[in-house]
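This report refers to the structure that appears directly beneath it.
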Amino acid sequence: MNGKITEKIPYGFMRHEKYDVVVMDREKMESVKLMFKFMP
């Protein structure tokens, strides 16, 4: 493996344009937090 991202990135995260790593997408992560907040 060469350290490159080859898998699908989960919702709430995004690929960093310059460094090719996964970072949190703050806008989408707010939606994720709300979804889990209201789960039984």
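Data overview
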quantity: The chain: radius of gyration over Cα atoms, expressed as a fraction of 2.2 N^0.38 Å; calculated: 1.43
quantity: Inter-label distance, nm, simple model (7 Å from Cα along the C-beta direction), GLU17/SER31; calculated: 2.1 nm
quantity: Other-chain or far-sequence residues with amide H under 5 Å of PHE13's (modelled H); calculated: ASP25
quantity: Ascending count of other beta-carbon atoms within 10 Å, so fewest first, for PHE13, PHE36; calculated: PHE36, PHE13
quantity: Nearest-ten-degree value, helix 26-37 long axis tilted from longest Cα axis of the chain; calculated: 40 degrees
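No lab work stands behind these numbers, since they all come straight from the coordinates. The shown structure was predicted, so the numbers you read here are calculated from the model rather than taken from an experiment. Virtual Cβ from ideal backbone geometry, glycine too; neighbours counted across all protein chains shown.
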